Amino acid sequence: MNLRKRENQPVPDFSAKYLSGNPISISPLKRKKIMLCFYRHVGCPFSNLRFLELKQQSNCFSQMGLVVLAFRQ
């Protein structure tokens with residue numbers, strides 16, 4: 001099964017929970033540009049570095065109208 005999505009493909013509806021336990025669903029974001037990022041365990045130094053880079057660029061992504069959802073194990 002190929003789970004890789006390509007640019008401009010619709011994201012299937014799904015839901016998850018924030019670390020706080022509050023739910024999040026992708027359905028309210030259907031008409032927006034979304035970048036989904038999946039990272040390994042929080043103890044992985046490479047994942048932590050990439051996550052920090054993503055966080056530092058968050059203002060740029062917002063200005064472009066891009067919603068970034070990052071998931072960590």
Quiz prompt | E7, sole failed condition from (1) at pLDDT 85 or above; (2) exposed (fewer than 12 other Cβ atoms within 10 Å of the Cβ); (3) out of contact with any Asp or Glu (no Cβ under 7 Å at 6 or more places or on another chain) | solution = (1)
Practice problem: Only residues that are within 12 Å of R72 (Cβ to Cβ) and in contact (Cβ under 8 Å) with a residue 24 or more places away in the chain: list them for the range 14-61, please. | Solution: A16, C37, F38, Y39, R40, H41, V42, S47
Exercise. Go through the range 1-26 residue by residue and tally those that are in a strand (DSSP E or B) and β-branched (V, I, T).
Key: 1
Self-check item: Flag if Q73 is at pLDDT below 80, surrounded by 10 or more Cβ atoms within 10 Å (Cβ to Cβ) and among the polar types (S, T, N, Q)
Solution: yes
Quiz item: Hey, among the residues in the range 27-46 that are surrounded by 12 or more Cβ atoms within 10 Å (Cβ to Cβ) and part of a loop (DSSP other than H, G, I, E, B), which one's farthest from the chain's Cα centre (by Cα)?
Solution: C44
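Before we move on, is F71 aromatic (F, W, Y) and in a helix (DSSP H, G or I)?
Details: aromatic (F, W, Y): yes; in a helix (DSSP H, G or I): no.
Answer is no for this residue.
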Exercise. Could you figure out which of (1) among the β-branched types (V, I, T); (2) loosely packed, with under 12 Cβ neighbours inside 10 Å; (3) within 14 Å of the chain's Cα centre (by Cα) isn't true of I24?
Key: (2)
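The values are calculated or read from the model by the stated rules, or taken from the named source; none is laboratory data. All figures in this text were calculated on a predicted structure; none of them were measured in a lab. Using ideal geometry, Cβ is built from the backbone for each residue, glycine included, and neighbour counts are taken over all protein chains shown.
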